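Trainee: Handing you a structure now.
The values are calculated or read from the model by the stated rules, or taken from the named source; none is laboratory data. Computed from a prediction, not measured in an experiment: that's the story for all the values here. Using ideal geometry, Cβ is built from the backbone for each residue, glycine included, and neighbour counts are taken over all protein chains shown.
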């Protein structure tokens, strides 16, 4: 019997945190519809979009009758909907606790300083931007990055040999840092980890 999936839709430009959701869906190998959102055209300010996310940010997921925003929550939710796909460890295992740890580390420690720098460069209204805050943010990011570097010394993925949703959240954030030139060859284990992630078939499909 062919399994029937609920209708899955994702809103947001690929070059944003939306990539995390699309990556998770490609890993799960389930059908979905992707709706690009053009910020220049203020498509995130339409009544339709604001009804899904009053904060007007991406990504947004619609899973059947469920609407959800926040990329970390979406990745966790998707993994839980398809336990047979093994995008998360079994919920009663100690490995699941580590999975949650890295999910939240990605959002609160690794990404936070990157987003702080970005907000004060272009996202916030000019009068709310603080010049010179990069030094503090980079200090925070480097501390978080050292944790990843030590963790990946002898591992294929964050939790060992198996790929999970936490690798999506951490991996995408590292790609962000790499493109912003905040991650270089001084962190070889982290870079090798990123190379392994970039070889996954799911990434190839999204970049095609």
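Trainee: Can you tell me which of (1) part of a loop (DSSP other than H, G, I, E, B); (2) under 18 Å from the mean Cα position of the chain (by Cα) is the one residue 101 doesn't meet?
Mentor: For residue 101, the failing item is (1).
Trainee: Please count how many residues of the stretch 45-55 are surrounded by 17 or more Cβ atoms within 10 Å (Cβ to Cβ) and either in the same structural domain as residue 172 (by TED's automatic domain parsing) or outside any helix (DSSP H, G or I) (or both).
Mentor: Residues in the stretch 45-55 being surrounded by 17 or more Cβ atoms within 10 Å (Cβ to Cβ) and either in the same structural domain as residue 172 (by TED's automatic domain parsing) or outside any helix (DSSP H, G or I) (or both): 1 in total.
Trainee: In the stretch 148-161, what residues are assigned to a helix (DSSP H, G or I) and surrounded by 13 or more Cβ atoms within 10 Å (Cβ to Cβ)? Working first, answer last.
Mentor: Residues of the stretch 148-161 that are assigned to a helix (DSSP H, G or I), as a first pass: 148-154.
148, 149, 151, 152, listed by residue number.
Trainee: For the stretch 62-72, check the following and say yes or no: at least one residue is touching a residue at least 60 places away in the same chain (Cβ under 8 Å), surrounded by 14 or more Cβ atoms within 10 Å (Cβ to Cβ) and within 23 Å of residue 198 (Cβ to Cβ).
Mentor: Within the stretch 62-72, one or more residues are touching a residue at least 60 places away in the same chain (Cβ under 8 Å), surrounded by 14 or more Cβ atoms within 10 Å (Cβ to Cβ) and within 23 Å of residue 198 (Cβ to Cβ).
Trainee: Tally time: how many residues in the stretch 80-97 are surrounded by fewer than 17 Cβ atoms within 10 Å (Cβ to Cβ) and either part of a loop (DSSP other than H, G, I, E, B) or without any contact (Cβ under 8 Å) to a residue 12 or more places away in the chain (or both)?
Mentor: Residues that pass the stated criteria total 11.
Trainee: Residues in the stretch 162-191 that are assigned to a helix (DSSP H, G or I) and surrounded by 12 or more Cβ atoms within 10 Å (Cβ to Cβ): how many? Before the answer, list the steps.
Mentor: Just the residues of the stretch 162-191 that are assigned to a helix (DSSP H, G or I), to begin with: 165-179, 188-191.
Filter once more, keeping what is surrounded by 12 or more Cβ atoms within 10 Å (Cβ to Cβ): 165-178, 188-191.
Selection size over the stretch 162-191: 18.
Trainee: Can we say residue 205 is at pLDDT below 95 and assigned to a helix (DSSP H, G or I)? Can you show your working first?
Mentor: Numbers: at pLDDT below 95: yes; assigned to a helix (DSSP H, G or I): yes.
The answer is yes for residue 205.
Trainee: Please identify the pairs in which a residue from the stretch 173-190 that is assigned by TED's automatic domain parsing to the domain that holds residue 21 has its Cβ atom under 6 Å from the Cβ atom of a residue that is assigned to a helix (DSSP H, G or I) and modelled with pLDDT of 95 or more, counting only partners at least 6 apart or on another chain.
Mentor: Close Cβ pairs satisfying both conditions: none exist.
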